[in-house]
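Asks: Have a look at the structure that comes next, please.
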Ligand code: PLP
């Protein structure tokens, strides 16, 4: 067995690295989740998540993975037979579609090549053709974690408004929230779906919905069966800072600390940092002579970058070489791009030197795995990072 020293590099696009401050905040005795001390935490995290989603509307925090929050968005607002428009941006769009199928929703799945954001022209055409307003919801994945392509939800809102279509706009921002700009209210999102283990820098275990007034009204009138995911009871009980069931108390301590960290840095700075790291990663990939999975200008994810392996070279073999030699986990290619793509996560609790370490591990791994490439990618990334505003040096 190889013994590794120093810290493991967890450079998958979620779960992401959890800051020590957040770990310590969670390292608490369990407490009475119906007592006054906990209610304070409950109120604090609900308000904190409204600030992160940038909403004044209710936010639900479930003890669940992101998949649960996906399901919650669908079962609260839709019933079997309802027509839904979804866009195949990658594996996570495929999985959300799969859930919709299980609930017998009638999904129009706009095909995509997994190298672009959602096809906006197609969305517009489908909505325009739907004169009877049979489409009840448009669902898009903000940051497609399987490919590294972004769909800008505000563009979808503009389309809905332009064609005057009343469908709800539902957005999976599971790997977007806390790393890319996100404006639940200003962008007119009806249901936002998020999870704890990405930009929020927490372990997995919390799922989130942010809900517009319109979505809440639709949910109130929706007779479809649901219980655990039902928004209304949670919202009512949340008013007292507690939940209808046992919440994930220690994760909520961590959430309070994580949002504090994001706000200390300033959300705008957090977003800018992710963009810089994404630009540095792409500079390295360009020099290596490799391709990014995302092929759309303006759609490159600030949170992760998918890298296409040259023909005849297996991405998972390369990942294995990197893991064994440098103790770094890179993201695997999912579904139809398995073996063809690996993913570099530059999301969450991350900084310039972690970025350089990550890219060094990739460049050394390319050498060891004998993947054809040009050297010097790390240097190119360093040039991008040097472009930061440097702290003024004192005069000699
Ligand atoms: N949607 C996106 C964009 C994701 O990245 C993920 C997980 O990586 C999910 C949904 C599913 O979330 P979970 O694995 O927490 O259920």
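A short reminder: the numbers here are calculations on the coordinates, not readings from a lab. Source: prediction; values computed, not measured. In this analysis, Cβ positions are derived from the backbone assuming ideal geometry, glycine residues included, and neighbour counts consider all displayed protein chains.
Asks: Report the FRET efficiency, 1/(1 + (r/R0)^6), for residue 228 and residue 364, where r is their Cβ-Cβ distance and R0 is 41 Å, rounded to 0.05.
Replies: Between residue 228 and residue 364 the formula returns 0.30.
Asks: Another question about this same structure. With everything on Cα atoms, drop me the angle between helix 66-77 and the longest principal axis of the chain, reported from 0 to 90° to the nearest 10.
Replies: It works out to around 30 degrees.
Asks: So, one more: Give the Cα extents of the range 220-293 along the principal axes, in whole Å, largest first.
Replies: 54, 34, 21
Asks: Additional query: For the range 1-153, compute Rh as the Kirkwood radius over C-alpha pairs and then the Stokes-Einstein diffusion coefficient at 10 °C and 1.306 mPa s; write the answer in µm²/s, rounded to an integer.
Replies: On the way: Rh = 18.8 Å.
Answer from the Stokes-Einstein relation: 84 µm²/s.
Asks: How far is helix 36-53 tilted, in degrees, relative to the longest principal axis of the Cα atoms in the chain, given as a value from 0 to 90 rounded to the nearest 10?
Replies: Orientation of helix 36-53: about 70 degrees from the principal axis.
Asks: Tell me the Rg and the Dmax, in Å, that the Cα atoms of the range 156-197 produce.
Replies: According to the Cα coordinates of the range 156-197, Rg and Dmax are 11.3, 36 Å.
Asks: Let me ask something additional. Label points 7 Å out from Cα along the Cβ direction at residue 113 and residue 260: separation in nm?
Replies: If labels sit at residue 113 and residue 260, their model points lie 4.8 nm apart.
Asks: When the helix-only estimate is applied to the chain (DSSP H runs of n ≥ 4, each -39,500 (n - 2.57), divided by the residue count), what is the mean residue ellipticity at 222 nm, nearest 500 deg cm²/dmol?
Replies: Details: 13 runs with 164 residues, N = 396.
It comes out at -13000 deg cm²/dmol, rounded to the nearest 500.
Asks: Have a look at the DSSP beta bridges in the chain and tell me what percent are antiparallel, nearest 5.
Replies: Close to 50 percent.
Asks: Moving on. Assuming R0 = 22 Å, what is the FRET efficiency of residue 40 and residue 213, from their Cβ-Cβ distance, to the nearest 0.05?
Replies: 0.20
Asks: Shape verdict for the range 283-396, please, from the Cα gyration tensor: rounded (a/c under 1.5), prolate (a/b greater than b/c) or oblate.
Replies: prolate
Asks: Could you give me the percent of Cα pairs per 10 Å distance bin for the chain, shortest bin first, beginning at zero and ending with the bin that holds the maximum distance?
Replies: Values per bin, smallest distances first: 5, 23, 30, 25, 13, 3, 0, 0.
Asks: Any idea what the alpha-carbon Rg over 2.2 N^0.38 Å comes to for the range 135-278?
Replies: Values: Rg = 16.2 Å, N = 144, 2.2 N^0.38 = 14.5 Å.
Normalised Rg, Cα atoms only: 1.12.
Asks: I would also like to ask the following. Helix 377-386 sits at what angle to the longest principal axis of the chain, using alpha carbons and giving 0 to 90 degrees rounded to 10?
Replies: The angle comes out at about 70 degrees.
Asks: Could I ask something else about it? Shape of the range 65-223 from its Cα gyration tensor (a ≥ b ≥ c, root eigenvalues): rounded if a/c is under 1.5, otherwise prolate when a/b > b/c, or oblate?
Replies: It is rounded, given that a/c, with a ≥ b ≥ c, falls under 1.5.
Asks: Report the full-extension gain for the segment residue 1 to residue 329: residue separation times 0.36 nm, less the Cα-Cα distance, to one decimal in nm.
Replies: In short, 116.4 nm is gained.
Asks: Also: Under the definition of Cα pairs under 8 Å and six or more residues apart, what whole-number percent is the relative contact order of the chain? If you can, show how the numbers build up before the last one.
Replies: On the way: 814 pairs, mean separation 88.6, N = 396.
Taking the mean separation of contacting Cα pairs over the length of the chain, I get 22 percent.
Asks: Let me ask something else about it. Using only the alpha carbons of the range 322-385, determine the length spanned along each of the three principal axes and report them from longest to shortest in whole angstroms.
Replies: Each principal axis gives a Cα extent; for the range 322-385 these are 34, 29, 21 Å.
Asks: For residue 221 and residue 291 in one chain, what is 0.36 nm times their gap in residues minus the Cα-Cα distance, to one decimal in nm? It would help to have the intermediate numbers written out before the result.
Replies: Numbers: separation 70, 0.36 × 70 = 25.20 nm, distance 4.81 nm.
Difference between extended and current length: 20.4 nm.
Asks: Please give the contour-minus-distance gain from residue 47 to residue 30: 0.36 nm per residue of separation, less the Cα-Cα distance, rounded to one decimal in nm.
Replies: 3.9 nm
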